[in-house]
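Okay, structure first, notes after.
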2 protein chains.
Amino acid sequence: MSTLTEPEKKILDAAKKVFETQGYTGSRMQQIADEAGISKASLHYYFRSKENLFEHIFDETMSDFMELVSTWNDDSEHWENKLRHFIVQFFDLLKTKSLLFLIGEINRNPELLLSRRKKTKPKAKFISYFENLQETGKMKPSNMYVIFIFMHSLCAYPILNARMFQLSTGMNNHDFEVFMNNYPETVADLLINALKKGLK
Amino acid sequence: MSTLTEPEKKILDAAKKVFETQGYTGSRMQQIADEAGISKASLHYYFRSKENLFEHIFDETMSDFMELVSTWNDDSEHWENKLRHFIVQFFDLLKTKSLLFLIGEINRNPELLLSRRKKTKPKAKFISYFENLQETGKMKPSNMYVIFIFMHSLCAYPILNARMFQLSTGMNNHDFEVFMNNYPETVADLLINALKKGLK
DNA sequence: AAACGGTTTGACCAAATGGTCAACAAATGT
DNA sequence: ACATTTGTTGACCATTTGGTCAAACCGTTT
């Protein structure tokens, strides 16, 4: 467990903010230093290079996301309520994470995924939980890879692309906000119905 | 209709390629010039500035996307087949368009959406087609905004985030390719079933 | 109070980058 | 043939940017 000093925390917070909004190529070391309230020289004192600082941020954000994706508490609740709660919570967490940052940087440099491969296997818990239910006859068989991707897509994309959706649908701010508040429940309904019926 | 000269086409092709992979801040005028096979000075002769060149590319990509989103031919086919064909075609087209570029640049500079607002109303055709069917009792009522967003999310996100999905699910290249080939049909099934049943 | 180690920073540097310009080449008009 | 416009480029410029460094700063130890 790495114990971060106070200035290191300040720097990482600042860097995260800047990298997430501007991307690697758009971020400036001076801007990060300003945001952290220190000099650019100090910034280099703590983190040798831009690349080095970026790696810290990317790795942290990536593992945050992987953890989010792989979290699945196997309590005794019925799968239907479990899935519904999970989706609502998942949607909320996605709003606070900069998924676009991850996808954009990976697109710019695909090696980011290969080199820093994490030991976590996000598939495991979520998918195997449902596959287990299906194998024991407690649920109709469905392709859980499909459900996994459906759930992620339905939760993540409207957040990534919110601005264009609002433009496309022509909704005003208030209507769109109301719409997005109800949205996770709608997603849950769809997926639960698909699972009840059995998909593909 | 703007008639583009030969060198202008070459430049725009090169710029598109570079901007789409590197983003605005990551792109270099020299790289675009090299890609187009001309000198950097010539590049500036045709397009005064990086900003100017970027606007051409962004506007073109944006209107391509908006056109794609708003296309909906109202022939006599049954809505079920119509939707299925549309989704398969939509998915294919999305693979060729750099949606990530659009989303990323809009995120970097939200004013891109406001200033260059297009007259197209993408909502219109797709949504009103189905709302019309519902009003005339030929289909159970559904919230077509939801269907609209579901369809986009299910088609776009797996393409945007393909690399991370492959990593998450642990599939090898071949399995993942097969999976993605069948995927659009699965999306169509889900949405058609939802519409048959009536959603929300 | 002197010495020491960790921290901070203004000044500075080399390279990269968007952009300009004079000169030259290739069409085009007369 | 000559002049005029249009296209092309190497050389150059001002600014930006990541990174360095010696000097100063500050709390602790001796």
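Any chance the range B:53-69 includes a residue that's β-branched (V, I, T), modelled with pLDDT of 95 or more and either outside the structural domain of B:F179 (by TED's automatic domain parsing) or away from DNA strand C (no atom under 11 Å from the Cβ) (or both)? Scanning the range B:53-69 turns up at least one residue that is β-branched (V, I, T), modelled with pLDDT of 95 or more and either outside the structural domain of B:F179 (by TED's automatic domain parsing) or away from DNA strand C (no atom under 11 Å from the Cβ) (or both).
Just a yes or no: is a residue in the range B:79-102 open to solvent by less than 20 Å² (accessible area, probe 1.4 Å), without any contact (Cβ under 8 Å) to a residue 60 or more places away in the chain and either under 20 Å from B:Y157 (Cβ atoms) or within 16 Å of DNA strand C (Cβ to nearest atom) (or both)? Yes: one or more hits. Do we find that B:S39 is farther than 30 Å from B:N193 by Cβ, within 16 Å of DNA strand D (Cβ to nearest atom) and polar (S, T, N, Q) in this structure? Yes. One residue stands out in the range B:23-47 among those that are within 20 Å of B:N109 (Cα to Cα) and in contact with a Ser or Thr (Cβ under 7 Å, 6 or more places away or on another chain): the one that is surrounded by the most Cβ atoms within 10 Å (Cβ to Cβ), namely B:G23.
Scanning the range A:163-184 turns up no residue that is more than 28 Å from B:E67 (Cβ to Cβ), facing another protein chain (nearest Cβ under 10 Å), surrounded by 15 or more Cβ atoms within 10 Å (Cβ to Cβ) and modelled with pLDDT of 90 or more.
Residues in the range A:120-160 that are open to solvent by 10 Å² or more (accessible area, probe 1.4 Å) and in contact with a Leu (Cβ under 8 Å, 6 or more places away or on another chain): 6 in all.
For the range A:21-37, the criterion of being over 25 Å from the mean Cα position of the chain (by Cα), modelled with pLDDT of 95 or more and among the aromatic types (F, W, Y) is met by no residue. A search for C-beta distances below 6 Å between a residue of the range A:35-64 that is away from chain B (no Cβ under 14 Å) and any residue that is within 12 Å of DNA strand D (Cβ to nearest atom) and open to solvent by 80 Å² or more (accessible area, probe 1.4 Å), counting only pairs 6+ apart in sequence or on different chains, returns A:K40/A:Q30.
Restricting attention to the range A:1-52, the residues that are away from DNA strand C (no atom under 12 Å from the Cβ) and closer than 16 Å to A:S98 by Cβ add up to 16. So which residues in the range B:145-190 are farther than 27 Å from A:M180 by Cα and not in a helix (DSSP H, G or I)? Answer for the range B:145-190, where residues must be farther than 27 Å from A:M180 by Cα and not in a helix (DSSP H, G or I): B:G170, B:M171, B:N172. With respect to (1) more than 9 Å from DNA strand C (Cβ to nearest atom); (2) open to solvent by 20 Å² or more (accessible area, probe 1.4 Å); (3) in a helix (DSSP H, G or I), the lone exception for B:N73 is condition (3). Looking across the range B:185-196, just one residue is open to solvent by 10 Å² or more (accessible area, probe 1.4 Å) and more than 9 Å from every other protein chain (Cβ to nearest Cβ), and that is B:K196. Against the criterion of being open to solvent by 60 Å² or more (accessible area, probe 1.4 Å), among the acidic types (D, E) and away from DNA strand D (no atom under 15 Å from the Cβ), A:D59 does not qualify.
The values are calculated or read from the model by the stated rules, or taken from the named source; none is laboratory data. Remember, predicted model here, so these are calculated numbers, not experimental data. Positions of Cβ are backbone-derived with ideal geometry, glycine not excepted, and every protein chain shown enters the neighbour counts. The protein model used for the area step is the full one, side chains on, heavy atoms only, and it has no ligands, DNA or RNA in it. Shrake-Rupley method; radii C 1.70, N 1.55, O 1.52, S 1.80 Å.
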